[in-house]
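The values are calculated or read from the model by the stated rules, or taken from the named source; none is laboratory data. Computed from a prediction, not measured in an experiment: that's the story for all the values here. Cβ placement follows ideal geometry from the backbone for every residue including glycine, while neighbour counts extend to all protein chains displayed. Heavy atoms of the whole protein, side chains included, go into the accessibility calculation; ligands, DNA and RNA do not. Shrake-Rupley method; radii C 1.70, N 1.55, O 1.52, S 1.80 Å.
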Amino acid sequence: MMSLLSYFRSQRKNTARVAKERLQILVARERSQRDGPDYLPALQEELLQVIRKYVEVDNEAVQMHLDKDGDCEILELNITLPDQRHS
Amino acid sequence: MARIVVITSGKGGVGKTTTSAALATGLAKAGHRTAVVDFDVGLRNLDLVMGCERRVVYDFVNVINQEATLNQALIKDKRVPGLCILAASQTRDKDALTDDGVARVLKELSEDNDFIVCDSPAGIERGALMAMYHADEAIVVTNPEVSSVRDSDRVLGILSSKSRRAEEGREPIRERLLLTRYAAERVAQGDMLSVEDVQEILGIELLGVVPESKAVLNASNAGIPVILEEDTDAGQAYQDAVARFLGEERPYRFLDVQKKGLFGRLFGS
Ligand SMILES: Nc1ncnc2c1ncn2[C@@H]1O[C@H](COP(=O)(O)OP(=O)(O)OP(=O)(O)O)[C@@H](O)[C@H]1O
Ligand SMILES: [Mg+2]
């Protein structure tokens, strides 16, 4: 009887698990932003301006991520350039 | 010196006022002199949940503006000795809670109380920041639902960076999680985040789990803090949480699905 029940349960999509995964990613990102140095948003803005001297990119083009590795802080920069076919 | 406890959440409607009323009442019942203060300026509600709305003459802002003394504004609870309520003002002026005014009122309250419970408004604007600023302890009220958990995490960020304790470089605010509107059945079905999930994401100590319960609405309809409804599930969950708050160890009671008859076991999930 129980196995029948758990069979039906496993057929359903476990939305709580999806929620948890999304939250873990989101919370980690938001924490790294707020725990980072105050100059990060300004740095991001200036980097965008510099890049825009050469190519047109949207506001999401520069992604920054701050990580700690022991005593060492690592600033990861991701710059997405526009699709060549459109430029 | 009183300990200042803020009841906060970020997201609205998760159970802060219900919790403020329950905690303050529970603390006073345990013999601690307690004042509960409504910081929700413009949307006074704590008076209704505590059942003293008809006795509000002066409010928090009147005391700040020195239009009334603290003693004139404090409402003594008729059920529990040692408990008093300071109602929020219904003014629309969002700047009515001045830094100095709030500090002065809390200091004065601190002289005659063991605990000051601050019922924070939703959001992360002035009223909420003011309620958090002076806290020694925070109870982060969270529902097992994505936006509430995310907002709770933002509030944790504010508690650790924008509080008086943070500014003065003192020991940080003690932060504890109160998970409310918990439906064990839906957790078992995989539709709702479990208490372990939420704890893992937020990474703070657990103070209690309050089940989703009809008793909460019934109690607020009647103006009775639900913790006084001693034979209800929510009332008992709040009693446990208050006991833990005061350092007692209590097992968790409402985390498992209630046993059902054969029919329920077969079809009710
Ligand atoms: N455990 C619970 N079970 C069922 N209903 C609940 C529970 N806790 C709170 N509620 C209901 O949720 C609603 C909001 O509760 P409450 O006013 O305490 O939230 P709040 O966080 O103070 O809201 P706001 O952000 O507007 O100040 C009320 O109708 C209350 O009865
Ligand atoms: Mg409220």
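Check each of the trypsin sites (Lys or Arg not before Pro) in the range B:148-202 and keep only those in coil by DSSP with at most 14 other C-beta atoms within 10 angstrom; list them in order.
Values: sites: B:ARG150, B:ARG154, B:LYS162, B:ARG164, B:ARG165, B:ARG170, B:ARG174, B:ARG176, B:ARG181, B:ARG186; in loops: B:LYS162, B:ARG170.
Of the trypsin sites (Lys or Arg not before Pro), the ones in loops of the range B:148-202 whose Cβ has at most 14 other Cβ atoms within 10 Å are B:LYS162, B:ARG170.
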The alpha-carbon center of the range A:10-52 and that of the range B:83-157 are separated, in whole Å, by 27
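Below 8 Å between Cα atoms, with a sequence gap of 6+, how large is the relative contact order for the range B:59-206 in percent?
Numbers: 164 pairs, mean separation 25.5, N = 148.
Across the range B:59-206, relative contact order equals 17 percent.
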For the range B:212-262 the GluC sites (Glu not before Pro) that pass both the DSSP coil test and the at-most-12 other-Cβ-within-10 Å test are B:GLU230, B:GLU248, B:GLU249
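Would you mind working out the magnitude of the charge dipole of the protein assembly as shown relative to its Cα centre, with +1 at each Lys and Arg C-beta and -1 at each Asp and Glu C-beta, to the nearest 20 Debye? Don't skip to the end; give the middle numbers.
Numbers: 46 positive and 56 negative charges, 274 e Å.
Charge dipole of the protein assembly as shown: 1320 debye, to the nearest 20.
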Note: probe point = Cα of A:GLU56 + 7 Å toward Cβ; backbone nitrogen < 14 Å; residues of the range A:63-86 passing the test are A:82-86
The relative contact order of the range B:149-226, taking Cα pairs under 8 Å that sit 6 or more residues apart, comes to a percentage of 30
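What percent does the relative contact order of the range B:120-173 come to when contacts are Cα pairs within less than 8 Å and at least six residues apart? Working shown, then result.
On the way: 44 pairs, mean separation 19.3, N = 54.
RCO, the range B:120-173: 36 percent.
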To the nearest 20 debye, chain B has a Cα-centred charge dipole, built from +1 on Lys and Arg Cβ and -1 on Asp and Glu Cβ, of 440
The correct ranking of B:ARG104, B:ARG253, A:ARG17 by accessible area at 1.4 Å, largest first, is A:ARG17, B:ARG253, B:ARG104
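To the nearest 0.05, what FRET efficiency results for B:ASP256 and B:THR69 with a Förster distance of 35 Å applied to their C-beta separation? Don't jump to the answer; show the numbers that get you there.
Values: r = 50 Å, r/R0 = 1.43.
Efficiency, rounded to the nearest 0.05: 0.10.
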B:VAL146 and A:ALA42 label points (each 7 Å along its Cα→Cβ direction) are spaced in nm at 3.5
Rounded to the nearest 5, the percent of antiparallel DSSP beta bridges in the protein assembly as shown equals 25
Given backbone amide H placed at 1.01 Å from N, residues whose amide H is under 5 Å from that of B:ILE4, ignoring those fewer than 5 places away on the same chain, are B:ILE116, B:ASP136, B:GLU137
For chain B, whose charge dipole is built from +1 on Lys and Arg Cβ atoms and -1 on Asp and Glu Cβ atoms, the candidate among B:LEU86, B:LEU228, B:GLY13 with its Cα farthest towards the positive end is B:LEU228
P(r) of the protein assembly as shown over all Cα-Cα pairs, 20 Å bins starting at 0, rounded to whole percent, reads 27, 49, 22, 2
Here, the range A:30-70 modelled as identical Cα point scatterers in vacuum has Debye log10 I(q)/I(0) at q = 0.33 Å⁻¹ of -1.16
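Could you work out the mean count of beta carbons from other protein chains within 10 Å of each residue's beta carbon in B:186-194?
Values: counts 2, 1, 1, 5, 9, 6, 3, 6, 2.
Average per residue, whole number: 4.
Would you mind giving the three semi-axes, in whole Å and largest first, of the ellipsoid equivalent to chain B according to its Cα gyration tensor?
Numbers: eigenvalues 197, 86, 53 Å².
Semi-axes, largest first: 31, 21, 16 Å.
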Lys and Arg at +1, Asp and Glu at -1: neighbours of B:THR25 with Cβ under 10 Å from its Cβ sum to +1
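If we count every other residue with Cβ under 12 angstrom of A:GLU73's Cβ, Lys/Arg +1 and Asp/Glu -1, where does the sum land? Write out the running numbers ahead of the final one.
Details: positive: A:LYS68; negative: A:ASP35, A:ASP67, A:ASP69, A:ASP71, A:GLU76.
Cβ neighbours under 12 Å give a net charge of -4.
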For the range B:176-228, the Cα convex hull volume per residue in Å³ comes to 82
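Assuming a viscosity of 0.692 mPa s and a temperature of 37 °C, what translational diffusion coefficient in µm² per second does Stokes-Einstein assign to the range B:193-258, Rh being the Kirkwood radius over Cα pairs? Walk me through the numbers before you get to the answer.
On the way: Rh = 12.8 Å.
Taking Rh from Cα pairs, D becomes 257 µm²/s.
Give me the dipole magnitude in Debye, nearest 20, for the range B:6-69 about the Cα centre, with unit charges on the beta carbon: positive for Lys and Arg, negative for Asp and Glu. Let's see the in-between values first.
Details: 7 positive and 6 negative charges, 55 e Å.
It comes to approximately 260 debye.
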Projected onto the charge dipole of the protein assembly as shown (unit charges on the beta-carbon of Lys, Arg, Asp and Glu, signs +1, +1, -1, -1), the Cα from B:LEU70, B:PRO121, B:ALA243 with the largest positive-side position is that of B:ALA243
Restricted to the range B:1-117, the DSSP antiparallel beta bridge percent, nearest 5, is 15
